[in-house]
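Engineer: Below you will find the structure I want to go over with you.
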Amino acid sequence: MKIILDAMGGDNAPDANIKGAVQAINKVKAEVVLVGKEEVIRSKIKEFYGKEMEEISDRLKIKNATETIEMEDQPTVAIRHKKDSSMVVGFRMLKEDEGDVFISAGNSGALLTGATLIVGRIRGIDRPALAGILPAYKSQLLLIDAGSNTNCKPINLLQFAQMSSIYLKNTFGIEHPVIGLLNIGTEETKGNDLVRESYNLLKEKSEELGINFIGNVEGRDAFSGKVDAIVTDGFTGNVFLKTTEGVGKFVKRTLTESLTHNLLTKILALPSLPAIKRFSKELDYKSYGGALFLGVKKPVVKAHGSSEALLFEYTIIQAEKFVENKAVDKMIEEFNKQSKVEK
């Protein structure tokens with residue numbers, strides 16, 4: 001197996017990308033290919049570890065790419081004109097079977113554009129969507145769309161629900177994943193036009209498409225453990241995602257400061273440290289890695305733009321599991337079955 005990593009994408013590139021790859025290389029069986037400016041990557045490895053790349057692992061490779069797609073670049077223009085960028089080179093490698101999965105923390109719009117134009121959509125899916133995994137009570141929560149499609153139609157949300165059902169069943173072994181529609185209330189009359197129309201479409205088509213749709217879910221109930229996935233448009237989903245991350249950081253920081261306020265609180269906290277560490281780990285979204293682009297023909301993973309080395313490490317480990325579980329192959333198979341039934 002070969003994991004392709006965009007070494008130049010993200011706020012902390014290339015340092016965090018390189019360090020994450022080195023940290024992950026002995027925790028995965030796959031070969032990891034760093035795509036980017038070769039002289040920069042080699043120089044950084046020498047600077048960080050005092051040795052040549054080949055001395056670290058024979059499964060750590062470099063694919064030279066002379067350009068970089070910046071966060072402020074227009075997605076379509078960048079993909080079409082920066083043909084030797086680390087992102088475009090990575091996508092070409094994936095398309096031409098020179099790798100099994102591509103990871104990038106770069107420009108989200110460009111990643112979606114490149115995944116769609118270069119790798120291609122799965123037949124029967126109008127728009128690929130970001131599927132992010134978040135912690136939930138004694139379980140986990142899939143959020144789709146987590147930020148790739150800011151303007152959606154009801155058919156898109158229906159397909160997001162279908163994709164999440166297939167993904168959770170085949171990758172996580174959840175036989176009948178519970179799918180909810182993110183809304184400001186549980187009543188079917190609540191929400192804007194998109195949400196109300198999507199609700200009606202999901203209610204009409206769920207049984208036919210094998211979706212275990214339970215209706216509207218409010219944000220406060222999303223992490224209850226009673227729902228496996230929540231469906232929404234990319235704008236709302238991204239706001240929800242970043243708010244959740246912010247609340248998690250706030251809770252961890254406040255708890256830490258409270259427990260280390262003075263010597264007495266430090267002493268009193270000692271018996272609780274194991275439980276606090278477990279709580280902190282469960283709350284940490286970073287341990288879930290990046291978000292998979294569901295709906296494209298090969299595995300593409302979006303890492304957080306602000307990813308540090310540890311998050312790249314987790315994302316690389318997660319990406320290997322995506323490939324091993326054949327998440328994309330099973331998605332293609334299910335949509336092909338549906339296409340034959342419709343004919």
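Engineer: Can you name every residue in region 102-113 that is within 16 Å of G132 (Cβ to Cβ) and either more than 14 Å from the chain's Cα centre (by Cα) or not in a loop (DSSP other than H, G, I, E, B) (or both)? So that I can check it myself, show each step before the final result.
Structural biologist: Residues of region 102-113 that are within 16 Å of G132 (Cβ to Cβ), as a first pass: 103-105, 108, 111-112.
Selection gives I103, S104, S108, L111, L112.
Engineer: Take the conditions part of a loop (DSSP other than H, G, I, E, B), touching a residue at least 60 places away in the same chain (Cβ under 8 Å), over 17 Å from K321 (Cα atoms) and of a type in the set (S, T, N, Q) and apply them to N12. Does it pass?
Structural biologist: Working: part of a loop (DSSP other than H, G, I, E, B): yes; touching a residue at least 60 places away in the same chain (Cβ under 8 Å): yes; over 17 Å from K321 (Cα atoms): yes; of a type in the set (S, T, N, Q): yes.
When the stated conditions are applied, N12 passes them.
Engineer: Same structure, new question: Just to be sure, is K226 of a type in the set (D, E, K, R), under 24 Å from the mean Cα position of the chain (by Cα) and modelled with pLDDT of 80 or more?
Structural biologist: Details: of a type in the set (D, E, K, R): yes; under 24 Å from the mean Cα position of the chain (by Cα): yes; modelled with pLDDT of 80 or more: yes.
Spelling it out, K226 is indeed of a type in the set (D, E, K, R), under 24 Å from the mean Cα position of the chain (by Cα) and modelled with pLDDT of 80 or more.
Engineer: Quick one: would you say E72 is exposed (fewer than 14 other Cβ atoms within 10 Å of the Cβ), part of a helix (DSSP H, G or I) and either within 27 Å of the chain's Cα centre (by Cα) or not hydrophobic (A, V, I, L, M, F, W, C) (or both)?
Structural biologist: When the stated conditions are applied, E72 does not pass them.
Engineer: Looking at (1) more than 30 Å from V32 (Cα to Cα); (2) aliphatic (A, V, I, L, M); (3) modelled with pLDDT under 80, can you tell me which one V247 breaks?
Structural biologist: Just one mismatch for V247, condition (3).
Engineer: Can you find even one residue in region 114-128 that is over 28 Å from D145 (Cα atoms), more than 17 Å from the chain's Cα centre (by Cα) and not in a helix (DSSP H, G or I)?
Structural biologist: Let us first name the residues in region 114-128 that are over 28 Å from D145 (Cα atoms), namely none.
No: zero hits.
Engineer: Give region 116-140 a look and list any residue that's in contact with a Ser or Thr (Cβ under 9 Å, 6 or more places away or on another chain) and aliphatic (A, V, I, L, M), or say none.
Structural biologist: L117, A129, L130, A131, L134, A136
Engineer: If I ask for residues that are surrounded by fewer than 21 Cβ atoms within 10 Å (Cβ to Cβ), in a helix (DSSP H, G or I) and in contact with an Asp or Glu (Cβ under 7 Å, 6 or more places away or on another chain), which ones from region 157-178 would you list?
Structural biologist: The answer is K169, and nothing else.
Here is a yes/no grid of residues against (1) over 24 Å from the mean Cα position of the chain (by Cα); (2) charged (D, E, K, R); (3) surrounded by 20 or more Cβ atoms within 10 Å (Cβ to Cβ):
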{"residue": "I41", "(1), (2), (3)": "yes, no, yes"}
{"residue": "G50", "(1), (2), (3)": "yes, no, no"}
{"residue": "K83", "(1), (2), (3)": "yes, yes, no"}
{"residue": "M93", "(1), (2), (3)": "no, no, no"}
{"residue": "E96", "(1), (2), (3)": "no, yes, no"}
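Engineer: Follow-up question, since we're still on this one. If you check T236 against the conditions, is it under 23 Å from Q159 (Cβ atoms) and assigned to a helix (DSSP H, G or I)?
Structural biologist: Working: under 23 Å from Q159 (Cβ atoms): yes; assigned to a helix (DSSP H, G or I): yes.
Yes.
Engineer: Whether any residue in region 133-144 is assigned to a loop (DSSP other than H, G, I, E, B), within 26 Å of K326 (Cβ to Cβ) and not aliphatic (A, V, I, L, M) is what I want to check. Give the steps one after another, and end with the answer.
Structural biologist: Just the residues of region 133-144 that are assigned to a loop (DSSP other than H, G, I, E, B), to begin with: 137-138.
Among the residues that remain, those that are also within 26 Å of K326 (Cβ to Cβ) are: none.
No, that holds for no residue.
Engineer: Now, a different point. So V119 clears everything in (1) within 14 Å of G295 (Cβ to Cβ); (2) crowded, with 24+ Cβ neighbours inside 10 Å; (3) not small (G, A, S) except one condition, right? Which one?
Structural biologist: Just one mismatch for V119, condition (2).
Engineer: Still on this structure, please answer the following. Being surrounded by fewer than 20 Cβ atoms within 10 Å (Cβ to Cβ) and outside any helix (DSSP H, G or I) is the filter here, so list the residues in region 179-197 that pass it. Working first, answer last.
Structural biologist: Let us first name the residues in region 179-197 that are surrounded by fewer than 20 Cβ atoms within 10 Å (Cβ to Cβ), namely 184-194, 196-197.
Of everything in region 179-197, those that are surrounded by fewer than 20 Cβ atoms within 10 Å (Cβ to Cβ) and outside any helix (DSSP H, G or I) turn out to be I184, G185, T186, E187, E188, T189, K190, G191, N192.
Engineer: Output the residue which, of all residues in region 223-240 that are touching a strand residue (DSSP E or B) at 6+ places or on another chain (Cβ under 6 Å), among the hydrophobic types (A, V, I, L, M, F, W, C) and crowded, with 20+ Cβ neighbours inside 10 Å, is farthest from S148 (Cα to Cα).
Structural biologist: Residue satisfying both the conditions and the ranking: V227.
Engineer: Condition check: at pLDDT below 80 and either outside any helix (DSSP H, G or I) or over 23 Å from N170 (Cα atoms) (or both). Does K242 satisfy that?
Structural biologist: no
Engineer: Scan region 256-265 and give yes if some residue there is in contact (Cβ under 8 Å) with a residue 12 or more places away in the chain and of a type in the set (V, I, T), otherwise no.
Structural biologist: No, the conditions are met nowhere in region 256-265.
Engineer: Taking I118 and the conditions (1) under 27 Å from E333 (Cβ atoms); (2) in the same structural domain as N151 (by TED's automatic domain parsing); (3) not basic (K, R), which numbered condition does it fall short on, given that it satisfies the others?
Structural biologist: Only one criterion is unmet by I118, namely (2).
Engineer: From N149, N200, grab the single residue that is closer than 18 Å to F240 by Cβ and either buried (at least 22 other Cβ atoms within 10 Å of the Cβ) or in contact with a Pro (Cβ under 9 Å, 6 or more places away or on another chain) (or both). Full working, then the answer.
Structural biologist: Working: N200 fails: closer than 18 Å to F240 by Cβ.
Every option except N149 fails the conditions.
The values are calculated or read from the model by the stated rules, or taken from the named source; none is laboratory data. Treat the numbers as computed from the prediction; the structure is a model and nothing was measured. Here Cβ is always computed from backbone atoms with ideal geometry, including for glycine, and neighbour counts include all displayed protein chains.
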